[in-house]
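S.K.: My questions all concern the structure below.
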Amino acid sequence: MRIKDLAFPALVMTFVLGACGGSEPPPPPPAPTGPTQAELDAARADSVARVRAEEARQREAERGEQERLSAARDEARSTLEDMVNFDYDESVITGEAEAILRRKIPILRSSPTVRLRLEGHADERGSTEYNLALGSRRAESVRDFLSGFGIAADRLMTTSFGEERPLVNSSDETSWAENRRVEFSISGGEIVVSEDDGS
Amino acid sequence: MKSLSSKVGTMKALLIMTMYGCFQEVGNLDAQVQDSIPGVTLGLLYESEFYPALAVHPFRGDRDAGEIAREIETIIANDLRYSDRFEVMDSIPLGLVGEAIDYQLWDQLGAVWLLSGSVQRQATQSVGFILTLELHDIVYGTIHEQGRFWLPSTEDRDFRMSVHAASDQLLQWIYGEPGMATSRIAFSRRSEDGNQELYTIDSDGENFRQITSYGDLTMSPTWSPNGDKIAYTSRKGTGFPRIYELDMKSGVERALPSERQGDYITPVYNPNGREIAFSVTGGNRSGIFRYNWLRDCCLVHISGGRWDDLSPTYSPDGKFMAFNSNRLGTPYPQIFVMAAGGGEADLVSPYIHGREGYYTSPDWSPSGDYLAFHGRVARRGRYQILVAQIADSGRRLRQLTREGNNEDPSWAPDARHLVFVGTRDWGTGLMVVDTASGKIRMLLRGFDVRVPEWSPSLKESLGVGSLRTRQ
């Protein structure tokens, strides 16, 4: 890529120089049939514009590629950070949670250095201290699920906030359901996006 | 004689008013048996005990100590009222009863005990005051006990505690039982940013003090056996819950080393003061561990496995431990008791297969006879404060609350009162229930508080209440 980038404008430059004139003395001018100075200038400007355009196209293509990669990484990151929810008083992985967790697996496989922090949470109902343990159990359920797919457990650190960090601060079924969750944060490593990812 | 009877009439009217005032805070005591936990009989039955009337003769202060004498009188009268053992008659104008103590008058008014006191300002700056208390037995017309107490100056942060120590001495004189006046309650409070810091409040609801400022989640305080230290769990620094110990006098903090992964939560001191027990969750091995603070050594696994053994509490002799656990394999925690070193555990909370309740947060009474905890009565119901007798393995439970939501009971050093977190229509606060009468008192209102822990008597660790009796 890099070499091509440099070589292409160089070639164009030689062509342009060649067109400007040779080493032979010019024949006597019968009449000014050759290109006028204005025409030459226009041609040069035209060539320069073409070169610039080509350079821009190259940069655009590269930026597009980078953007695509970065978008894929962002998507992978957000897939990894997608939280999962739980039923009341339960730490069992639901069908919905399983679908979310399964999407994380290819990313964790292609990014072997990535480590995740799994943070368990409970809704406000239930004992304060017991909810710390419940949050912990939820985080452990997630870790067990992921390690069942070959993700090394030591890449997955668990901790619990119990009922102390609600997402939604109100007391109704919808808020409670949102608050019963495991959150994911990337605590280290680099996300590598594989070609076949995106399924 | 005529003057005495008219005096009695005025006094009676006055006393009825004062006593009526005291009953404003009393909850519903008349409720009878309630069958809210399937198959378990919960009682709200209280013996209608007779509480002797204790009158307080206006305290006198020499020179310029008059105002302080009245302040001390109020502190002591409230302590005696909160002890729930007397009908207290106080704030009586001196003009009504006169300087001299008239046993006949007090007898007519129905007083069984009379307390009089005087306060002398000490010449030396450091000493503060000398409080002299006289406890009169009205029935026999004699002085029952007399004592002198040294109090620091009113600016001293232990001034009120020194007065509380005198109140506890009165209870000792009358009943030979420990009081709870010389004690504090530690708890965490949620701030607007969602963090929690530790606070303490005196047993009479005064001296609301902030203990930590870590800007993180700091919770579950526990007092050392003589009250000179507290231990707690905090996420500060490491981002994981770890156990810390704070010396209340020096402010020196030490951290328990983290030898294994997981969250370190729910600490409790062993009554020997040398060890601390706590739960580890989410690590390679969950369960209850203990650690020796004195030798600064060794995490020893006591119990647990895939289930969560949580919130341990020791019997006062240190031989047993109660905790809550999911070891029955249901999502509903139950209360168990086992030997302090581990081993087989006995179920204490009521359990009917398929209709399990939810019981957590046990606290062993200082007398050793009872376990207090809270329980969810219906699957989506609210929590109530329950007390089980150790001797009958919890077959009979007493339910101490009925309204709102009630969690995390902790015994007072008098082995009679419990503090807990109560949530009502108006919000959350700390409440105190007298387990003998069922009376509920508001301690701290309108703060989002968690997991209170009542201290032991702080007499020894604060060095207050030094006393010289008459002989």
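S.K.: Within the stretch B:403-439, track down each residue that is on the phi > 0 side of the Ramachandran plot, more than 11 Å from the chain's Cα centre (by Cα) and either within 14 Å of chain A (Cβ to nearest Cβ) or open to solvent by 20 Å² or more (accessible area, probe 1.4 Å) (or both).
M.R.: Scanning the stretch B:403-439 gives B:G404, B:D408, B:G427.
S.K.: When the residues of the stretch A:140-166 are narrowed to those that are in a loop (DSSP other than H, G, I, E, B) and away from every other protein chain (no Cβ under 11 Å), which ends up nearest to the chain's Cα centre (by Cα)?
M.R.: Taking the stretch A:140-166 first, the residues in a loop (DSSP other than H, G, I, E, B) are A:148-152, A:163-166.
Checking which are away from every other protein chain (no Cβ under 11 Å) leaves us with A:148-152.
Values: A:G148: 26, A:F149: 23, A:G150: 23, A:I151: 21, A:A152: 23 Å.
Per the criteria, the residue is A:I151.
S.K.: Any residue that is without any contact (Cβ under 8 Å) to a residue 24 or more places away in the chain, assigned to a strand (DSSP E or B) and under 24 Å from B:A186 (Cα atoms) - is there at least one of those in the stretch B:401-409?
M.R.: Of all residues in the stretch B:401-409, those without any contact (Cβ under 8 Å) to a residue 24 or more places away in the chain come to B:404-405.
Applying the additional criterion that residues be assigned to a strand (DSSP E or B) yields B:405.
If we keep only those that are under 24 Å from B:A186 (Cα atoms) as well, we get B:405.
Yes: one or more hits.
S.K.: If A:E62 meets every condition in (1) acidic (D, E); (2) farther than 30 Å from B:G404 by Cβ; (3) crowded, with 16+ Cβ neighbours inside 10 Å apart from one, which number is that one?
M.R.: Unmet condition: (3).
S.K.: Is at least one residue of the stretch A:128-141 among the polar types (S, T, N, Q) and out of contact with any strand residue (DSSP E or B) (no Cβ under 6 Å at 6 or more places or on another chain)? Steps first, please.
M.R.: Of all residues in the stretch A:128-141, those among the polar types (S, T, N, Q) come to A:128, A:131, A:136, A:141.
Still in the list and also out of contact with any strand residue (DSSP E or B) (no Cβ under 6 Å at 6 or more places or on another chain): A:141.
Yes, the conditions are met somewhere in the stretch A:128-141.
S.K.: Something else: Confirm whether A:D87 is farther than 27 Å from B:P267 by Cβ and within 14 Å of another protein chain (Cβ to nearest Cβ).
M.R.: Considered against the rule, which asks whether it is farther than 27 Å from B:P267 by Cβ and within 14 Å of another protein chain (Cβ to nearest Cβ), A:D87 comes out as yes.
S.K.: Moving to a separate point now. Since B:F320 meets every condition but one in (1) touching a residue at least 12 places away in the same chain (Cβ under 8 Å); (2) within 14 Å of chain A (Cβ to nearest Cβ), which condition does it not meet?
M.R.: (2) is the only condition that B:F320 fails.
S.K.: Same structure, new question: Give just the number: which of (1) in a strand (DSSP E or B); (2) acidic (D, E); (3) open to solvent by less than 10 Å² (accessible area, probe 1.4 Å) does A:D123 not satisfy?
M.R.: Only one criterion in (1) in a strand (DSSP E or B); (2) acidic (D, E); (3) open to solvent by less than 10 Å² (accessible area, probe 1.4 Å) is unmet by A:D123, namely (1).
S.K.: Can you name the residue in the stretch A:99-118 that is touching a strand residue (DSSP E or B) at 6+ places or on another chain (Cβ under 9 Å) and either of a type in the set (S, T, N, Q) or open to solvent by 60 Å² or more (accessible area, probe 1.4 Å) (or both) and is also farthest from the other protein chains (Cβ to nearest Cβ) among such residues?
M.R.: That would be A:T113.
S.K.: Could you look through the stretch B:277-292, keep only residues that are away from chain A (no Cβ under 14 Å) and open to solvent by 10 Å² or more (accessible area, probe 1.4 Å), and pick out the one that is farthest from B:D263 (Cα to Cα)?
M.R.: Ranking the qualifying residues of the stretch B:277-292, first place goes to B:N292.
S.K.: Residue by residue through the stretch B:86-110, note down the ones that are open to solvent by less than 20 Å² (accessible area, probe 1.4 Å) and under 28 Å from B:V464 (Cβ atoms).
M.R.: Narrowing the stretch B:86-110 to residues open to solvent by less than 20 Å² (accessible area, probe 1.4 Å): B:86, B:88-90, B:92, B:97, B:105-106, B:109.
Those that are open to solvent by less than 20 Å² (accessible area, probe 1.4 Å) and under 28 Å from B:V464 (Cβ atoms): B:F86, B:V88, B:M89, B:D90, B:I92.
S.K.: Would you confirm, using the coordinates I've provided, whether A:N169 is within 10 Å of another protein chain (Cβ to nearest Cβ), out of contact with any Phe, Trp or Tyr (no Cβ under 7 Å at 6 or more places or on another chain) and either assigned to a strand (DSSP E or B) or buried (at least 21 other Cβ atoms within 10 Å of the Cβ) (or both)? Spell out how you get there, then give the answer.
M.R.: On the way: within 10 Å of another protein chain (Cβ to nearest Cβ): yes; out of contact with any Phe, Trp or Tyr (no Cβ under 7 Å at 6 or more places or on another chain): yes; either assigned to a strand (DSSP E or B) or buried (at least 21 other Cβ atoms within 10 Å of the Cβ) (or both): no.
Spelling it out, it is not the case that A:N169 is within 10 Å of another protein chain (Cβ to nearest Cβ), out of contact with any Phe, Trp or Tyr (no Cβ under 7 Å at 6 or more places or on another chain) and either assigned to a strand (DSSP E or B) or buried (at least 21 other Cβ atoms within 10 Å of the Cβ) (or both).
To keep it simple, each residue is scored yes or no on (1) open to solvent by 50 Å² or more (accessible area, probe 1.4 Å); (2) in contact with a Lys or Arg (Cβ under 6 Å, 6 or more places away or on another chain); (3) not assigned by TED's automatic domain parsing to the domain that holds B:D158.
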position: B:A231; (1), (2), (3): no, no, yes
position: B:P241; (1), (2), (3): no, yes, yes
position: B:Y244; (1), (2), (3): no, no, yes
position: B:S258; (1), (2), (3): yes, yes, yes
position: B:V268; (1), (2), (3): no, no, yes
position: B:E275; (1), (2), (3): no, yes, yes
position: B:C297; (1), (2), (3): no, no, yes
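S.K.: Conditions first: (1) open to solvent by less than 20 Å² (accessible area, probe 1.4 Å); (2) under 23 Å from B:D84 (Cα atoms); (3) in contact with a Phe, Trp or Tyr (Cβ under 8 Å, 6 or more places away or on another chain). B:F187 passes all but one, so which condition is the exception?
M.R.: (2)
S.K.: Still on this structure: Hey, among the residues in the stretch A:125-139 that are over 35 Å from the mean Cα position of the chain (by Cα) and either of a type in the set (D, E, K, R) or more than 10 Å from chain B (Cβ to nearest Cβ) (or both), which one's nearest to A:T159 (Cα to Cα)?
M.R.: A:E129
To keep it simple, each residue is scored yes or no on (1) part of a strand (DSSP E or B); (2) open to solvent by 60 Å² or more (accessible area, probe 1.4 Å); (3) basic (K, R); (4) touching a residue at least 24 places away in the same chain (Cβ under 8 Å).
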| position | (1), (2), (3), (4) |
| --- | --- |
| B:R327 | no, yes, yes, no |
| B:R355 | no, yes, yes, yes |
| B:V387 | yes, no, no, yes |
| B:A391 | no, yes, no, no |
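The values are calculated or read from the model by the stated rules, or taken from the named source; none is laboratory data. Just so it is clear, the structure is predicted and the values come from calculations on it, not from any experiment. So basically every Cβ, Gly included, is an ideal-geometry build from the backbone, and we count neighbours across all protein chains shown. Keep in mind that these areas ignore ligands, DNA and RNA; they rest on the heavy atoms of the full protein, side chains included. Shrake-Rupley method; radii C 1.70, N 1.55, O 1.52, S 1.80 Å.
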